[in-house]
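To start, the structure under review is shown below, and the notes come after it.
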Amino acid sequence: MAHIELKGITKTFGSHAALKNLDLEIADGEFFVLLGQTGAGKTTTLRLIAGLEKPTAGKILIDGEDVADWGAAERDVALVLQQYSLYPRYTVRENLEFPLKSRIRRVEPAEIAERVARVARTLRIEHLLDRKTDRLSGGEMQRVSIGRAIVRKPRVFLMDEPLSALDAKLREALRTELKNLQMNLGATFLFVTHDQIEAMSMGDKIGVLNDGQLVQTGTPQEIYRNPVNTFVARAVGSPPMNLIAGTLAGGEAVATEGYRLPFASGHAVAADGRPLTFGIRPEDLFLDGGAPGEARVHDVENHGVEKIVTLRTGGETLLQATVPAQTDLAIEEAVRFSWNPEKVVLFDGGSGVSLRHAG
Amino acid sequence: MTQIELRGIEKYFGAVQVIKNLNLAIADNEFIVLLGQSGCGKTTTLRAIAGLETIDEGDILIDGQPVQHMKASDRDIAMVFQSFSLYPHMTVYENIAFPLRATRMSRGDVDAAVREIARVLRISDLLARKPSALSGGDMQRVAIGRALVRRPKAMLMDEPIGALDAKLREEMRAEIKRLHIKQGSTTIYVTHDQVEAMSLADRIVIMHEGVLQQVGSPSEVYARPANMFVAQFVGSPVMNMADASVSETGGQARVEVGGAAAGFDFPAALTGRLSQAKAENGNLTLGVRPEGVLVSREAREGFMPVEAHIIEPLGSHDIVDLKVGDQMLRARTKSGFVAGPGEAVFARVDPAQAHFFNTATGASLGIRL
């Protein structure tokens, strides 16, 4: 159980700044996800909190205490990594017992047995306890890694892409399990990933990292509906938000490519004539024979429950729209499209910052 | 014009049987995707058609001619692998032209063929480069170009975009589909990615442990899976599966899952159809995709009270776990429809989207309501 705060953290490696003046707060019992591409600074943040790296500038507080002088062991955090660092010649039980057997901790044997049993039950690995870890599947190994982290009741769980090495179906199942586990434990989780589906589906809060800077923090819904800029707009959602360059004129959105789409004057800003980027989610873009936009079908991705159509408009811009599964479309077919004007997000054409956030 | 037919194919690696009595007829110009997990026999099947692998039983026919005893080079089939296998010391142009060297084409014809295929694949400006100076996507374009340039009878592709990153994979998938429509060659494509299969295929062939599970169009395979394996392999999130027992009261069928006190209402016709299919309680599994689990916030006729558990907000929609007895059923709802864990809501299983399976064999009972 812990509250974590990062204040003005900068971390440089040589001349490269991995993190730039990062402020971050994680509430007690929160499932916080840091989302970012390779090199965004996710893992560095995790390692700083774990005490495996020292910040170049700034403070890290755990439960209000500055932990600058605390070693990794004193911080009492558990780290779960993508590679399952298990002891291969040990059984699952021995692997789970290991963190409790350290001489500093002095846990009674009866309690060790009790805790291992409880963790095994929680993670549904009871039947594996006496198996050697090299006889386990990837999903089982990752469960054991998580079990080894839970068993010693750390203050914070730090997870570095723990699901990335697993196949899609297993990832889907473990996502739910992990979220379930966190809810049952009521523990503080900091989970790092590049996968926006993991971030959206598990996080109470998401922090979007780009190039060492925290671009936006919010609930999954906030980030999805109201991205602070075009970077965040493209970082969450699958497929990502469509971005269309254009201007507002006479209550209509005029795309640079020439087509005009309706615009809800309700939230119109004094933006007539100014270069803008219109953001629209694929589910808010639709095909309709009488719609104003013209396009050709470039590709159709079939998800069974629905289809995602890639449209090619006048120029070479590609837009994606989610359509019902029954929709029959041929490649290169001419179609007409429009959008739900209520759902359009306006970004500044130059800076990419959302006009809502710019104020 | 190329038809390919597989008749009773059997293949062993030592004592392990990797293909079991495989029968499949592929029509001219068809885009067939072999879908399955690693080790299911899909790649071995592809390699057998190409002539890179011998078979122990059966016939492989290309345009009606048995070819299983022919060398790979005589079958006139092109193959594209996941690893790009380009000649590193040759330029892109030379790589694409390479398969034409052994033919008697004039230099001018070779040049025209190379430039035409490069234009189609949008790599005309890369012709002078060495493979080492290309991105992954461009390398695979060149590999495809090299396969297509000699206008083979059929094109076989083994996870050709599996090594690329997600965005590029999507782009290349669209290109492969577009190329197929333009060039119209019989294509067999191997993948473990069900979205890729659903998006590319005219027909999907699903394999598991060397056995063909189902052949069908993407919508058939999705809407009418032949067994529990196919049902759970295709579609994401996976289809819910629950042991079910069916009873009939007051002119209504009732499907109970997870030992829940209440049950889901079904049309009375279900019981008759189940007994026709010789289904018995205790050996019956209900399958329903998340979009087939309907959720209401108010009590409604035919809906039963359930408790919401974990909610995955995916932006465009939510996936909500519902506790039904000791079983979880995942439902797809509008974004934000269920407020949070612990909320009491009402659910029903849409009979039109319900599947019933024999638990022991996994086979679908073929009941459609």
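Within 10 Å of each Cβ in A:167-176, how many Cβ atoms from other chains are there, averaged over the peptide?
Details: counts 3, 6, 7, 0, 0, 6, 2, 0, 4, 8.
Partner Cβ neighbours, averaged per residue: 4.
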What the 10 Å binned alpha carbon P(r) of the protein assembly as shown shows, as percent of pairs per bin from 0, is 3, 12, 19, 23, 22, 15, 6, 1, 0
To make sure I understand, if each residue's beta carbon is the centre and we count other beta carbons within 10 Å, what order do B:H208, A:H16, B:H355 fall in, fewest to most? A:H16, B:H208, B:H355
Please name whichever of B:F31, B:Y93, B:P351 sits farthest to the positive end of the charge dipole of chain B, dipole taken about the Cα centre and charges placed at Cβ: Lys and Arg +1, Asp and Glu -1. B:Y93
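List A:R234, A:R89 from most exposed to least, where exposure is judged by having the fewest other Cβ atoms within 10 Å.
Placing the least packed residue first, the sequence is A:R89, A:R234.
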Quick one: check the C-alpha center-to-center distance for the stretch B:195-244 versus the stretch B:141-185, whole angstrom. 23
Computed for the protein assembly as shown: size of charge dipole around the Cα centre, +1 on C-beta of each Lys and Arg, -1 on C-beta of each Asp and Glu, debye to nearest 20, value 1280
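Would you list A:V232, B:V349 from fewest to most Cβ contacts within 10 Å? Intermediate values should be presented prior to the final figure.
On the way: A:V232 25, B:V349 28.
By the 10 Å Cβ count, ascending: A:V232, B:V349.
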Listed residues B:R330, B:R141, B:R273; largest mean-square fluctuation, Gaussian network over chain B with Cα springs below 10 Å, found at B:R273
Grab the Cα-Cα distance for A:E333 and A:A73, subtract it from 0.36 nm times how many residues apart they are, and report the gain in nm with one decimal. 87.4 nm
Whole-Hz ³J(HN,Hα) for each residue in the stretch B:355-369, computed from phi via Karplus 6.51 cos²θ - 1.76 cosθ + 1.60 with θ = phi - 60°, x for glycine and proline: what do you get? 10, 10, 10, 6, 4, 5, 8, x, 6, 5, 7, x, 8, 10, 10
CD proxy, 222 nm, the protein assembly as shown: helix-only mean residue ellipticity via -39,500 (n - 2.57) per DSSP H run with n ≥ 4, per residue, nearest 500, stands at -7000 deg cm²/dmol
Among B:D63, B:D138, B:D165, residue whose mean-square fluctuation peaks in a GNM of chain B (springs only between Cα atoms under 10 Å): B:D165
Would you mind checking A:K169/B:K182; A:K42/A:K153; A:K101/A:K179; A:K205/B:K177; A:K169/B:K42 for any pair whose Cα atoms are more than 31 angstrom apart? A:K169/B:K182; A:K205/B:K177
With Kirkwood's inverse mean 1/r over C-alpha pairs for Rh, give me the Rg to Rh ratio of the stretch A:27-165, two decimals please. 0.98
Taking only Cα atoms and a 10 Å spring cutoff, compute GNM fluctuations for chain B and point out the largest among B:S132, B:S185, B:S316. B:S316
So for the stretch B:4-233, what are the equivalent ellipsoid semi-axes in whole Å, largest first, each being the square root of 5 times an eigenvalue of the Cα gyration tensor? 30, 21, 15
Among A:334-344, A:103-113, how do they line up by average Cβ neighbours within 10 Å per residue, starting with the highest? A:334-344, A:103-113
How are the Cα pair distances of the stretch B:303-361 distributed, in percent, across 10 Å bins from 0? 22, 48, 24, 6
Given Cβ point charges of +1 (Lys, Arg) and -1 (Asp, Glu) and nothing else, what value in debye, to the nearest 20, does the dipole of the stretch B:240-358 about its Cα centre take? 260
Using alpha carbons only, how many angstrom separate the centre of the stretch B:284-304 from the centre of the stretch B:252-277? 13
Sorted largest first, the C-alpha extents of the stretch B:151-222 along its principal axes in whole angstrom are 30, 29, 22
Out of all DSSP beta bridges in the protein assembly as shown, what portion is antiparallel? Express it as a percent rounded to 5. 75
Percentage of interatomic Cα-Cα distances in chain A larger than 28 Å: 54
Which residue, chosen from B:L61, B:M1, B:S217, occupies the Cα position most advanced towards the positive end of the dipole of chain B, where the dipole is computed from +1 (Lys, Arg) and -1 (Asp, Glu) charges on Cβ about the Cα centre? B:M1
Take the alpha-carbon positions of the stretch A:242-358, form their convex hull, and give its projected area averaged over all directions (one quarter of the hull surface) in nm². 7.4
Averaged across the residues of A:304-311, what count of C-beta atoms belonging to other chains lies within 10 Å of each residue's C-beta? 5
For chain A, with +1 on Lys and Arg beta carbons and -1 on Asp and Glu, the positive-most of A:I112, A:V323, A:I62 along the dipole: A:I112
With only Lys, Arg, Asp and Glu charged, each at its Cβ (+1 for the first two, -1 for the last two), find how big the charge dipole of the stretch A:242-358 is about the Cα centre; round to the nearest 20 debye. 320
With just the Cα atoms defining each centre, how far is the stretch A:42-115 from the stretch A:155-231? Give it in Å. 20
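Within 10 Å of each Cβ of B:305-316, how many other protein chain Cβ atoms are there on average?
Values: counts 0, 0, 0, 0, 4, 8, 3, 10, 8, 9, 17, 11.
Whole-number average of other-chain Cβ neighbours for B:305-316 is 6.
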From the phi angles alone, apply the Karplus equation (6.51, -1.76, 1.60; θ = phi - 60°) to the stretch A:347-352 and give each ³J(HN,Hα) in whole Hz, x where the residue is Gly or Pro. 10, 5, x, x, 7, x
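Computed from the coordinates by the stated procedures, all read-outs in this text should not be read as laboratory data. These numbers were taken from a predicted model, which means no experiment stands behind them. Positions of Cβ are backbone-derived with ideal geometry, glycine not excepted, and every protein chain shown enters the neighbour counts.
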